[in-house]
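What follows is one structure encoded as structure tokens, with my remarks underneath.
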Amino acid sequence: MFDKSLIAIAFMLILTVRVPAVGVDNSVQTPKSPDTRIEKVKAKVNKIGVRENITVFHIDGKKYHGFVVRISDSDFEITEIDRKTNYTFQYSEVKKVDEGYGEKGPLGNRVGRRGHIFGLIAGLSVALVLPIVLLASSGGR
């Protein structure tokens, strides 16, 4: 009986971490219009400001990490920290921007805030579940 309860606890921990809670508002989300996205990007770039660190998510999927050199009404320019090159982005070609840029991870790539949170959750899940599974499989010997 003890073994089944440990397995049940491990299963509940896994479900707790893996299954997100259902929100109260189940309305259908409509895609944002390009104008709304452009205005959000423009406002965020202005909020971050010149000479501040930024991560730019381009609409083609590439990420650029650097600091803001110039901001205008139609575009902004950054100096990319890894490539050591200046890039000018039209607001219409940017999917979104984040303040700051992640530190380099063990594979040499930049890891943002979401990556750190995901790694922390995965690590804690393994640290909590592994001892329970090992105890259950040993049969309390």
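The values are calculated or read from the model by the stated rules, or taken from the named source; none is laboratory data. Since we're looking at a predicted model, the values are computed, not measured. Neighbour counts are summed over all protein chains in view; Cβ atoms, including those assigned to glycine, are modelled from backbone coordinates with ideal geometry.
Just the residues that are outside any strand (DSSP E or B) and closer than 11 Å to Glu39 by Cα, please, taken from region 84-98. Steps first, please.
So in region 84-98, the residues outside any strand (DSSP E or B) come out as 84, 91-93.
Tyr91, Ser92 - these are the residues of region 84-98 that are outside any strand (DSSP E or B) and closer than 11 Å to Glu39 by Cα.
I'd like to check something: does region 104-124 contain any residue that is at pLDDT 80 or above, in a helix (DSSP H, G or I) and β-branched (Val, Ile, Thr)?
Yes.
Quick check on my filter: what residues within region 36-87 are under 20 Å from the mean Cα position of the chain (by Cα), acidic (Asp, Glu) and closer than 16 Å to Gly100 by Cα?
Result: Glu52, Glu80, Asp82.
Within region 72-83, which residues are touching a Gly at 6+ places or on another chain (Cβ under 8 Å) and in a strand (DSSP E or B)?
Ile78, Thr79, Glu80
Taking region 57-69, which residues are basic (Lys, Arg) and under 11 Å from Tyr87 (Cβ atoms)? So that I can check it myself, show each step before the final result.
Of all residues in region 57-69, those basic (Lys, Arg) come to 62-63.
Matches in region 57-69: Lys62 only.
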